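Before any comments, here is the structure.
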Amino acid sequence: MPDDDQYEPAEDINLPTIKRFSLHVHGLDQATEFMQQIKLRPVSVDFILGDVAPTPFIWGFFDQLSNSLDHNKLEILKYSIEGIVDNLHANQYIYKLEENALEPLFIFRNLVIVQLENFWMPYLDDVMAVQIAYAWPHLEELKLGMGQDWQTNMGQLCTSALMLHGVGYITSHCRKLNTLGLVFDPTDDCAMLKAEWTNENIHILDMGVSPIENPIAITATLLFLMPGVKEIWTKPALKNLSLGIGLVLVADWRAERWTPVLEMVTVFGSVRDGAKADGRAEARKDLLEELAKEGFLMMMRIKRGQKESSSEQPES
């Protein structure tokens, strides 16, 4: 769209052949108005906004997408906000995304990639996590809410309503996930995690600004849920938090406490990969020995020798 958002909306534009659709606009109201005029069947959509918007606007836009886009074709959904880290309005209360804001998107059952990391989502909880896992079972990449600092204008570090149980439910029911980005509270009791919730396909975990107290305990839990994880990302520590009347220094230990988690996961990964390699070599050796005992190796060598001999017979 034009930089000044001045355009003449058309009516009932049907573009069924477009596979990838991108919309770059400053305000979400203009984006919603534009989407009201078109019908698309894309595989991928990418929305780039110039500013944050209150929850009712977000819900309305997502609801419009459910009317404008083909429910079965869409596989990739991306929504980003330019300059979100430096946006002075992003941490205001009205921009907290309500827990039900994602519900209009659940009609897109074939989504593989969902990138909504620029939203502030403190209300996302375990109940919504179950709905996400049910609605998007084919997910390979999920990123929700890690792109903001989640600080308030009162100098407080916000937390999340999402607990380990919700994270575990997503990892266990979205078996194709390889990249997961969520802000959650890992400090709760993880006794409710089920043994079968392990997902070895997840290799990248983005924690954003998730709180943390005990690095050893959370490392053990994450390695249980995601034993194949190789990278853990978190946001840098905040140095200055605005109080509305100036700046005040507030200690932010989140990133520092996540560092040993990354180190322990890296060490475990190296040991695990080495053990797998040794295990495969040992298993191959045992198999060959067992085959030799049964005479199969000799039969294989004889057949191979016969084949080579027949192929090397001299011409008459």
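Below are the figures for this structure:
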quantity: Extreme residue, nearest to Phe106 (Cα to Cα), among residues of segment 36-75 that are among the basic types (Lys, Arg) and part of a loop (DSSP other than H, G, I, E, B); calculated: Lys73
quantity: Subset of segment 97-108 (residues that are assigned to a helix (DSSP H, G or I) and open to solvent by 50 Å² or more (accessible area, probe 1.4 Å)); calculated: Glu103, Ile107
quantity: In segment 203-227, the residues that are part of a loop (DSSP other than H, G, I, E, B) and in contact (Cβ under 8 Å) with a residue 40 or more places away in the chain; calculated: Met207, Gly208, Val209, Ser210, Pro211, Ile212, Glu213, Met226, Pro227
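The values are calculated or read from the model by the stated rules, or taken from the named source; none is laboratory data. Since this is a predicted model, take the numbers as computed values, not measurements. Every residue, glycine as well, gets a Cβ built from its backbone with ideal geometry; the counts of neighbours run over all protein chains shown. Only protein heavy atoms, including side chains, enter the accessible area calculation; ligands, DNA and RNA are left aside. Shrake-Rupley method; radii C 1.70, N 1.55, O 1.52, S 1.80 Å.
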